[in-house]
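Nothing in this text is a laboratory measurement; each read-out follows from the coordinates by a stated rule. What you see is a predicted model, and the numbers here were worked out from it, not measured in a lab. Cβ atoms come from the backbone with ideal geometry, glycine included; neighbour counts cover every protein chain shown.
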Amino acid sequence: MKNEQPRQETTAESHDDLDPSSDSFVDQLLGEIHTAPVASGDDGDLTAVTQKLMAAEQEILRGRAELENFRKRMQRDTEQQLKFANVPLVRDLLDVIDNLNRAVDAARAGESNTKALIDGVHMVSQQFSQVLSKHGCKPIEALGAEFDPNFHAAVTQMPSLEFAAGKVAQEVAVGFVLHDRVIRPAQVIVSTGSGESS
């Protein structure tokens, strides 16, 4: 008569519906480790299996800790990048402020006449525009252009002999785009035409 070994049924649960990075997934694995059936045998075998289970539990706990540390590090890095994203722009603007302060100091000391002061301030204004352009911020061309509500904000309308109806006859405030996005529409006065009847 053949000795039939008792067949041990395994009831492995599916983890397909769980996210391996989630806490619930780790908790389920730990629960399965503690409740897993252990084959009967001598004490040596039981001790070896227990040690393996403890080692597996420690590995899972280490993985959980590393994952949590990674999440915190990524969040901290993202916050730092957002906080200091404008450092290059601010650094370039500091040069503009330096030149503007020099012009003011020269005017107060009486070292320059009115024309020289105006020229100096004009140069600072150009430098400021160059800094903005370098960082993707450019003025919207408005004067004489067809009125476009995507780029222009009409303040009022007025007749004009120079510009046809629907054209921008005067620019009240310069508008700007940052890369491809309008950050301030140009405030304009729109021409109603010459007002002369044909």
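Some values worked out for this structure:
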quantity: Mean projection area, nm², convex hull over Cα of region 136-198; calculated: 3.9 nm²
quantity: Estimated distance in nm for a label pair at residue 73 and residue 52, the labels positioned 7 Å out from Cα along Cα-to-Cβ; calculated: 3.2 nm
quantity: Along principal axes, Cα extents of region 45-198, largest first, whole Å; calculated: 107, 56, 19
quantity: Nitroxide proxy distance, nm - points 7 Å out along Cα→Cβ at residue 135 and residue 85; calculated: 1.2 nm
quantity: Neighbourhood net charge (13 Å Cβ-Cβ; Lys/Arg +1, Asp/Glu -1) for residue 189; calculated: -1
quantity: Low-density loop cleavage sites - trypsin sites (Lys or Arg not before Pro) in region 53-111, where at most 14 other Cβ are within 10 Å (DSSP); calculated: none
quantity: Estimated Rh, region 43-129: Kirkwood, alpha-carbon pairs, angstrom; calculated: 18.8 Å
